[in-house]
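For reference, the structure discussed in these notes is given below.
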Amino acid sequence: MVNPDQNEFLAGLEAKSKQPSPFFRAMANRPEVLKNFVPFYGAIMGPGTVERRIKELVYLTCSYANECAFCTSAHGATGKKAGITDDELRALQTEQDHSFAGADRAAIQYARELTQTAAADDSRAALLEHFTDEQVVEITLVAAMANFTNRFNNGLVILPEA
C-alpha cells in the first residue's frame, strides 16, 4: 500500500473523502492508473441516463456474485443512499430476485448473468424491454466496472476498514 505522503494525488483523494482508502492506496502503486481510474469511474458511476438506484443495484449484484467484501461494503452504503433497502440488499446477496419488479429485476438479472458468464444472452432481451440502447451500454459499463474493481480487490485481498 502506498502512503499518501508519497503520492500527492492519493493525498488529495483521501483529503476529499476524509478517510483512508485501501483501494486507492493499492492502486497508487501505479500512479498513472489511479489518476486515470478516478475520472473514468466517475464518468461511469456519476450522473447519466440511468438512475442512481439502478446503477447501485447492478454494482451490488456483481459484487455479491463475486463475493467482494470491499465493494459490497462500499456500495451497500451508497446503495442505501440511492434508496435500496436492507431487505433488498439481502435479496441481492441471496439471489432472490422475485421481490424486484420490472426494470430493477431486468438490470439485476443482466448484471448477474454478465458477471457469471461474461455474456448475457438470456437476459439482454428483457433489459432492452425497459432501457434504451444508450442505457444498456451504461448498465453494461457499470457491470464491467464492478467486475474490474471486484477482481482488483479480491486479487489483492483488499478488505473494508473495520
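The values are calculated or read from the model by the stated rules, or taken from the named source; none is laboratory data. Treat the numbers as computed from the prediction; the structure is a model and nothing was measured. Don't worry about glycine lacking a Cβ; one is built from the backbone with ideal geometry, like all the others, and counts go over all protein chains shown. With ligands, DNA and RNA removed, areas are computed over all heavy atoms of the protein, side chains included. Shrake-Rupley method; radii C 1.70, N 1.55, O 1.52, S 1.80 Å.
Residues that are surrounded by 16 or more Cβ atoms within 10 Å (Cβ to Cβ) and either at pLDDT below 90 or farther than 17 Å from G42 by Cα (or both) within the stretch 2-27 comprise V2, P4, N7, P22, R25, A26, listed in sequence order.
Scanning the stretch 146-157 for residues that are touching a residue at least 40 places away in the same chain (Cβ under 8 Å), within 16 Å of S73 (Cα to Cα) and surrounded by fewer than 21 Cβ atoms within 10 Å (Cβ to Cβ) yields R151, F152, N154.
For every residue, the table says whether it meets (1) at positive phi; (2) out of contact with any Leu (no Cβ under 8 Å at 6 or more places or on another chain).
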site	(1), (2)
P47	no, yes
R52	no, yes
Y59	no, yes
G76	no, no
G83	yes, yes
D87	no, yes
R90	no, yes
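Under the condition of being aromatic (F, W, Y) and in contact with a Ser or Thr (Cβ under 9 Å, 6 or more places away or on another chain), the residues counted in the stretch 1-36 number 2. On the stretch given as the stretch 46-66, residues that are β-branched (V, I, T) and open to solvent by 20 Å² or more (accessible area, probe 1.4 Å) total 1.
Of the candidates E113, E138, the single residue that is in a helix (DSSP H, G or I), of a type in the set (D, E, K, R), over 22 Å from Q96 (Cα atoms) and over 12 Å from the mean Cα position of the chain (by Cα) is E138. Checking D122, D87 one by one, the residue that is open to solvent by 70 Å² or more (accessible area, probe 1.4 Å), acidic (D, E) and either under 28 Å from M27 (Cα atoms) or in contact with an Asp or Glu (Cβ under 7 Å, 6 or more places away or on another chain) (or both) is D122 and no other.
So, of the residues in the stretch 116-135 that are assigned to a helix (DSSP H, G or I) and either among the hydroxyl-bearing types (S, T, Y) or within 17 Å of the chain's Cα centre (by Cα) (or both), which turns out to be farthest from K55 (Cα to Cα)? Top of the filtered list is T117. Considering the conditions (1) farther than 25 Å from F40 by Cβ; (2) open to solvent by less than 20 Å² (accessible area, probe 1.4 Å); (3) of a type outside the set (D, E), A111 is excluded by exactly one of them, (1). Scoring E161 on the criteria (1) part of a helix (DSSP H, G or I); (2) of a type in the set (D, E, K, R); (3) closer than 16 Å to H75 by Cα leaves a single failure, condition (1). Only one of the numbered conditions (1) in contact with a helix residue (DSSP H, G or I) (Cβ under 7 Å, 6 or more places away or on another chain); (2) open to solvent by 40 Å² or more (accessible area, probe 1.4 Å); (3) at pLDDT below 95; (4) of a type in the set (D, E, K, R) is not met by R105, and that is (3). Picking from residues in the stretch 90-102 that are within 16 Å of S123 (Cβ to Cβ), assigned to a helix (DSSP H, G or I) and modelled with pLDDT of 95 or more, the one that is most open to solvent (accessible area, probe 1.4 Å) is G102. Does any residue of the stretch 35-43 turn out to be in contact with a Phe, Trp or Tyr (Cβ under 6 Å, 6 or more places away or on another chain), surrounded by 12 or more Cβ atoms within 10 Å (Cβ to Cβ) and at pLDDT 95 or above? Yes, because at least one residue in the stretch 35-43 is in contact with a Phe, Trp or Tyr (Cβ under 6 Å, 6 or more places away or on another chain), surrounded by 12 or more Cβ atoms within 10 Å (Cβ to Cβ) and at pLDDT 95 or above.
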